[in-house]
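What follows draws every value from the coordinates through simple rules; no lab data is involved. Here the structure is a predicted model, which means the values were calculated and not measured. With ideal geometry, Cβ positions are generated from the backbone for all residues, glycine too; neighbour counts draw on all protein chains shown.
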Amino acid sequence: QVQLVESGGGLVQPGGSLRLSCAASGSRFSLNVMGWYRQAPGKERELVAQITPTGRTYYTGSVKGRFAISRDNAKNTVYLQMNSLKPEDTAVYYCNTESQNFSWGQGTQVTVSS
């Protein structure tokens with residue numbers, strides 16, 4: 001079973017930046033479309049960005065131009081560079097495959113507040 005470990009969250013002021021990392025165990029990582037998801041208090045988990053094994057990317061409209069997803073298949077790691085952060089980006093951030101078939105990790109809390 002693949003395990004996912006997210007890290008890199010924290011408290012940042014509006015306009016600031018954070019870089020999230022998600023490390024995956026197992027050999028199946030490089031074959032999958034990987035995504036970053038987030039869940040804000042009282043809201044459903046939503047897809048933020050995705051990246052294919054070959055590096056094609058997708059972003060939801062609210063983060064386009066501010067966030068950048070990348071991956072290092074040799075390290076079984078996917079990253080999310082978040083710039084120009086807004087209070088509405090506050091959420092717990094998770095990674096998983098496109099079909100969400102890996103077990104969810106604990107996530108990493110991102111809080112954007114002055």
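Among residues other than S62 with Cβ under 10 Å from its Cβ, the summed charge is 0 (Lys and Arg +1, Asp and Glu -1). Rounded to the nearest Hz, the phi-derived 3J(HN,Hα) couplings of the stretch 74-84 under the Karplus curve 6.51 cos²θ - 1.76 cosθ + 1.60 (θ = phi - 60°) are 5, 9, 6, 9, 10, 10, 9, 8, 10, 10, 6, where x marks glycine and proline.
Sites listed here are GluC sites (Glu not before Pro) in the stretch 1-66 whose DSSP assignment is loop and whose Cβ has at most 11 other Cβ atoms within 10 Å: E44. Of the chymotrypsin sites (Phe, Trp or Tyr not before Pro) found in the stretch 1-109, those in coil by DSSP whose Cβ has at most 16 other Cβ atoms within 10 Å are W104.
In the chain, Cα pairs under 8 Å separated by at least six residues give a relative contact order of 38 percent. Among the trypsin sites (Lys or Arg not before Pro) found in the stretch 51-110, those both in a DSSP coil and sparsely packed, with 13 or fewer other Cβ atoms within 10 Å of their Cβ, are R56, K64.
The tail of the calculated P(r) for the chain beyond 17 Å holds 48 percent of all Cα-Cα pairs.
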